[in-house]
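The values are calculated or read from the model by the stated rules, or taken from the named source; none is laboratory data. Everything numeric in this text was worked out from a predicted model, so none of it was measured. Quick reminder, even Gly has a Cβ in these numbers, built from the backbone with ideal geometry, and neighbours come from all protein chains shown. Surface accessibility is based on the protein's heavy atoms, side chains included, excluding ligands, DNA and RNA. Shrake-Rupley method; radii C 1.70, N 1.55, O 1.52, S 1.80 Å.
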Amino acid sequence: MQFWRRRSLWLALSASSLLLTLLGFFPFLRLAVSPRPQPAAPQGWPRWLDTASLRSFSQPEEPPEDVPQPPQAPHGTSCSWGICFDTSRCRGDGLKVFAHAAAQPTSEMHRRILASLEGSRYHTRNLTEACLLFVLSPEDPDGQCGPAPQHWNGGRNHLVIRLHPDPCPQASQLGQAMVAQASPRVDTFRPGFDVALPLLPEAHPFRGGAPGQLQQHSPHPRAALLALAEEGGRWRTAGTYSSTCPWDGHCEQDLGPKQTRPEEKLPNATFCLIPGQRAEASRFLQALQVLAALQEMAPARVLALRQQTQFLWAAYFSSVEKVIHTTLEIIQDRILGASAHPSLLWNSPPGALLALSTFSRSPQDFPFYHLQQGSRPEGRFSALIWVGTSSQHPLKLIQAVAGSQHCAQILVLWSSEKPLPPKWPETTVPLTVMDGHRKVSDRFFPYSAISTDAILSLDAHSSLSTSEVDFAFVVWQSFPERMVGFLTWNHFWDETRSGWGYTAEMANEFSMVLTAAAFYHRYYHSLFTHSLPKALRTLADEAPACVDVLMNFLVAAATKLPPIKVPFSKQHQGAAPLAPRIPASGSQPQPPHQDCINRMVAEFGHMPLVSSRLRLDPVLFKDPVSVQRKKYRRLEKP
Amino acid sequence: MCASVKHSSRGPALIPRMKTKHRIYYVALFSVVLLGLLATGVFQFWPHSIEASGDWAVEKRSAAVPVVRLPRDSPVPERGDLSCRMHTCFDVYRCGFNPKNKIKVYIYSLKKYVDELGAPVSSTISREYNELLAAIADSDYYTDDISRACLFVPSIDLLSQHALRIRETAQALAQLSRWDRGTNHLLFNMLPGGPPDYNTALDVPRDRALLAGGGFSTWTYRQGYDVSIPVYSPLSAEVALPEKGPGPRRYFLLSSQMAIHPEYREEIEALQAKHGEAVLVLDKCTNLSEGVLSIRKRCHKHQVFDYPQVLQEATFCVVLRGARLGQAALSDVLQAGCVPVIIADSYILPFSEVLDWKRASVVVPEEKIADVYSILQSIPRRQMEEMQRQARWFWEAYFQSIKAIALATLQIINDRIYPYAAISYEEWNDPPAVKWSSVSNPLFLPLIPPQSQGFTAIVLTYDRVESLFRVITEVSKVPSLSKLLVVWNNQNKNPPEDSLWPKIRVPLKVVRTAENKLSNRFFPYDEIETEAVLAIDDDIIMLTSDELQFGYEVWREFPDRLVGYPGRLHLWDHEMNKWKYESEWTNEVSMVLTGAAFYHKYFNYLYTYKMPGDIKNWVDAHMNCEDIAMNFLVANVTGKAVIKVTPRKKFKCPECTAIDGLSLDQTHMVERSECINKFASVFGTMPLKVVEHRADPVLYKDDFPEKLKSFPNIGSL
């Protein structure tokens, strides 16, 4: 019995050890077996045994390549930037464009194009300093191609604008001239040299233009997923969000006869399929494939594409002026080479026309791209105090501002007739006095002395406490692209005068902050000085109250957003008001020189100001809690 | 293993000797264990040999490759159509079978081509082309089914034209089984042309075939059809150059190529004479001792430098064209993180269809060689450093191996065929560090939605009907409310009958849920027709109509943010070394409670379908912290802070203070802190942004007649 018991014990032991070993083995077996493809596995590229002995494709004993060919002479259609354009003529001032005498306006559209060119900062009236000659090709589609204009020089450094595709059959006839035209042909278009334009409708506005029709980020699901453009301006729609409506004819609907106004003929669809010039029998099949692909598209991508259409439209397409300025900016970028706009600046708001490449090539230097760059604005600001003719010495103001922990420097712009005072207060931060030119627009000049991203713009008579400055700056850091100010104005549409007006009265909304005390990014000094038409800057010099309106127009046009108001203690308002320099009531007729707002609307082509109904206060502002808890106590002094 | 089996089977016969067998048995056991260990060792240390010897695919080339004899008069393809574009010469309908927007690529099997006399047409396949085909075969693009393929790659090695017999190679191409004038065929070539005129594209007649070529010029490159690829540098694999931090280096400008036209060399040497130490011009070494690889050495006068290591000593490196436009030196220069200064007129830069070379290089026209120094001097330091990083990144992503070159080429063609699924500019060009730190806000378009749209209020409720009805009545007084949605989260009880609900001026809908989950409040219900959503609990009755309307107005100005009432803060606890939840009345906020908060409907979609990790399930399991999760989510995708509105500090209704004991509060705080730590670890970062402001109406607490204020009744703490 004992034997049997023992035997069974041994049996159990041996069985378990067997099991253990097997268990321990199996993973190895699996590891060794599994990489082996099954016999039926697809045949890839074989792993040749002689791989190690293969020779490299580039053999050192190859004959040395030391005989470069001379660059092939430019011929006809094969122009490239480096060969057909002489950039040496653009050295110094960069791009300067001269409208050729031959470019006499023959139509309304031509007139708009030439006016756009004349409004550009690249325009010159002096042929000798021009490095690009601007030629408008005749409007008439069957018009003769005309003799070459004067100074043609084989077309070198010429830009020919063609509104209609190919009036002259031979592209080579244009030689070394760049051609900007709508729907260029792929076999004659020279990438990196020619410019493709949108087709400009006859009624395209000269300036401003209608904003995109998307008023919200993600509208309701549209009636149709896809609309297909057909002959004669008609659209055919297919597919809905709710059902998987196939392209089987049941979902198709003809949207009626040809209509002329663009907004009427646009279908209520998420995507619009616009086939190219070649009408093929296979279009039906293609549309079906597109539909299938679109249904798979992630909502996030649809959302992004939809917003991008609106941005591109508003930045580059909505007016003739934008189209022409964009064309010139593209050429300017080619001239600049390494310091051209990076791709990000072209493709995200506010767009390359409002992000000057002359300011910086690093996106993080601008106020617009911190999110995309993963960067943040600098933690310090420069106070820029403007001392006008009737101002007193800004002694108290300097002390209040210098008391801020975020203040990096104080710059005094002395624009007064009075002599400079000999003594300045002792401050912990550097204080620099600059002599101004007695012009109001001077205060927005991009002085090289400004060393920080943030500027606190101040008038000598402004009165602020250190608490107010600190809090406003902390708020600005969250909104570096906006103006952050203390006193506000509001604009309104005046029915009685059929024009815009503005008021300094206390109201439930505001759309402008006064630059007598406001934080903003130093980039706006560059934008003010280099991108605004001279007429507007002169206007501001003639009517000083206009300069605030102008600066607010400029920032709103770039951001499409309202400025930000922060609390301002009452005590200053009584003692030394941040002088509202306009009549208190806007409904009274204003003297003509002060009616700057309507002149600016005309120059900008639209009303860029946006109203806001909120003020940003400290989190515990005027709350009935212990004052000891509060960080910005002085803000609440009555 | 075998031993033990044997032993036990023999067991019965050994019974009489059992006692003495104890020891034997132990020995057997040990031997089994030993065997096991041994086997482990074998598998651990020889895995490759086992795999290799068993690999079906390893073949002897000489034995396996069939020979194809090309008759002298076998057809030669047309020369190559310069007007070819994707829509004229490429047959996209062959790509119709390809799922997931990915083209399928077929590789012809390897054959040896000989002419009529039996002389081989080309030398054997090069190491690089072998690698290239293996890379394609290993990729997702590969198919072995020729009838389903969209793109065909011959196994005829065309990388270097130098090694080819032009006419016979073309004949070999023409007899490929699916050649069809070269439609949808992709040929790879890195060294085109030959002496004396060195064409910039492969001279082999190839009809409509696509050419992935190194060294295209604007005259030979068919924009949008051909693909410009790098000339691979074998040094990439031989020499490891560790990445060097950006910044100015010892030499400002370096020229390291050996075969430079004497005229150009003169001009560059003139730069050296003018700027001294800052410019270094190297040439081949004339007096090297035997056995030293001359290709890895460069000399300046009698000084010898190691190549490519010397490239790491320069900020900018000249890449001049030789007889060919494409130079392998470009790859070496990028690898060294040196900014290439490309002087090769009309050269189509590698992958320029997708790569933004302005970010990584400086292109200078040949006639401006003399100005190179001043052009480079005008580049600001920050831009130069970005270019150095970008250059290195381009090398790592697209130049460093044959595999990288092959896959980038296929991806470019894939992007053309499925443009709507194409890889974005950022994905091609942004280095990983930028991709990681940058935020692309899904609601990036700056606009203020029209007020007329209004908002949809969503009330999550279980069974507090009385309180729910009060909330409905209160919220319905808000002017901009356009719809009210009640999410009935109680599966055991039916919602009250229609007649019992409060009569309000906007549509009221009840949605019943399948499960009592907190995440139901953030579901993107089809019933939500507005962009703005107000999430509100069924016990929030203290908010005034002005307060809610103002909240909606604030949301309109910040449609990409969470806009809420009581704010909360996260803090770093230095003692515990972790995050802590703070509900004290501080000067800062980083979160708002979603017991009542406005936000964009899109975030409901993100919460439901794109919440990272297991956060959504975790919240449902713990029945807590859904609001913190939403705060994390929105801050992470937008990179922006919340907006707290009005002085409101807490939601507690006066009558429910009794149940809030101190201990309850503390457990609550611990749980909330845990949530923050959990979410921060799932997100891999702390996305919440701290701010010191809240939004009040413009005239809040200003000395102004109350009746003229838009929002006079803005509520209390």
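Working from label points 7 Å from Cα in the Cα-to-Cβ sense, the residue A:393 to residue B:617 distance is 7.4 nm.
Amide H to amide H, with H built 1.01 Å from N, residue B:124 comes under 5 Å of no residue 5 or more places away or on another chain.
A 1.4 Å probe over all protein chains sorts B:417, A:113, B:166, A:274 by accessible area into A:274, B:166, B:417, A:113, starting with the largest.
For a straight C-alpha distance cut-off of 26 angstrom, the lysines reachable from residue B:707 (same-chain residues fewer than eight places away being disregarded) are A:565, A:570, A:622, A:637, B:477, B:644, B:649. Partners of residue B:274 within straight-line reach, counting aspartates and glutamates whose Cα lies under 13 Å from its Cα and excluding those fewer than 8 residues away in the same chain: B:266, B:371.
For chain B, the share of DSSP beta bridges that are antiparallel, to the nearest 5, is 30%.
Within region B:142-161, name every residue whose backbone N is under 17 Å away from a label modeled 7 Å from Cα of residue A:59 along the Cβ vector. What the label zone holds, given the 17 Å backbone N cut-off, is B:157-161. To the nearest 0.05, what FRET efficiency results for residue B:541 and residue B:435 with a Förster distance of 30 Å applied to their C-beta separation? Using R0 = 30 Å, I get an efficiency of 0.05. Buried on complex formation within region A:507-526 (loss of at least 30 square angstrom of accessible surface versus the isolated chain, 1.4 Å probe, ligands and nucleic acids ignored): A:507, A:508.
Sequentially through region B:225-240, phi angles give Karplus couplings (6.51, -1.76, 1.60; θ = phi - 60°) of 10, 6, 10, 8, 10, x, 8, 5, 9, x, 5, 3, 8, 7, 10, 9 Hz, Gly and Pro residues having no value and appearing as x.
Please work out whether region B:234-400 counts as rounded, prolate or oblate from its C-alpha gyration tensor, where a ≥ b ≥ c are the square roots of the eigenvalues and a/c under 1.5 means rounded, while otherwise a/b larger than b/c means prolate and anything else oblate? Since a/c stays below 1.5, the shape of region B:234-400 is classed as rounded. The contact between chain A and chain B removes approximately 12200 Å² from the accessible area (both sides summed; 1.4 Å probe; ligands, DNA and RNA excluded). Between residue B:666 and residue B:490, what FRET efficiency comes out of the Förster formula 1/(1 + (r/R0)^6) with R0 = 25 Å and r the beta carbon distance, rounded to 0.05? The calculated FRET efficiency here is 0.25. Pull up the DSSP beta bridges for region B:234-400 and report the antiparallel fraction as a percent, rounded to 5. Once the DSSP bridges in region B:234-400 are tallied, antiparallel ones form about 25 percent.
Across peptide A:616-627, the mean count of Cβ atoms from other chains lying within 10 Å of each residue's own Cβ comes to 6. To test your reading of the geometry: what angle, between 0 and 90 degrees and rounded to tens, separates the Cα axis of helix B:465-475 from the longest principal axis of chain B? Tilt relative to chain B: about 80 degrees. Checking the Cα-Cα distances for B:509/B:610; B:435/B:640; B:580/B:678; A:396/A:439; B:483/B:610 against a 20 Å cut-off, the pairs over it are B:509/B:610; A:396/A:439; B:483/B:610. The overall shape of region B:159-245 is prolate: from the C-alpha gyration tensor, with semi-axes ordered a ≥ b ≥ c, the ratio a/c is 1.5 or greater and a/b exceeds b/c. Solvent-accessible surface of region B:234-400, averaged per residue with a 1.4 angstrom probe and all protein chains in place: 41 square angstrom.
Peptide B:479-490 is shielded by partner chain Cβ atoms: per residue, an average of 0 of them sit within 10 Å of its Cβ. Counted residue by residue at 0.36 nm each, then reduced by the alpha carbon distance between them, the extension gain from residue A:292 to residue A:362 reaches 21.1 nm. Computed with a 1.4 Å probe over protein heavy atoms only, the accessible surface of region B:451-695 comes to 40 Å² per residue.
Under 23 Å of direct C-alpha separation, and excluding same-chain neighbours fewer than eight residues apart, residue B:112 reaches these lysines: B:60. On chain B, 54 percent of the accessible area sits on carbon and sulfur atoms, based on a 1.4 Å probe. In chain B, the calculated helix contribution to ellipticity at 222 nm averages -9000 deg cm²/dmol per residue, counting -39,500 (n - 2.57) for every DSSP H run with n ≥ 4. A simple spin-label model places pseudo-atoms 7 Å from Cα toward Cβ; at residue B:381 and residue B:578 they are separated by 4.3 nm.
In chain B, the C-alpha radius of gyration followed by the widest Cα-Cα span (Dmax) gives 36.1, 114 angstrom. Modelled spin labels at residue B:463 and residue A:308, positioned 7 Å past Cα toward Cβ, are 5.2 nm from each other. Relative to a virtual label point 7 Å from the Cα of residue A:418 in the Cα→beta-carbon direction, which members of region A:373-394 show backbone nitrogen distances below 17 Å? What the label zone holds, given the 17 Å backbone N cut-off, is A:385-394. Highest-first packing order for the peptide set B:501-509, B:303-311, A:343-351 is A:343-351, B:303-311, B:501-509, based on the mean count of other beta carbon atoms within 10 Å. With a 10 Å cut-off around each Cβ of B:443-455, the average count of Cβ atoms from other chains is 6.
In chain B, Cα pairs under 8 Å separated by at least six residues give a relative contact order of 8 percent.
Packing, as the average of other Cβ atoms within 10 Å across residues, places the peptides A:616-624, A:48-56 in the order A:616-624, A:48-56, highest first. Rounded to the nearest 0.05, the FRET efficiency derived from the C-beta distance between residue A:153 and residue B:177 at R0 = 56 Å is 0.55.
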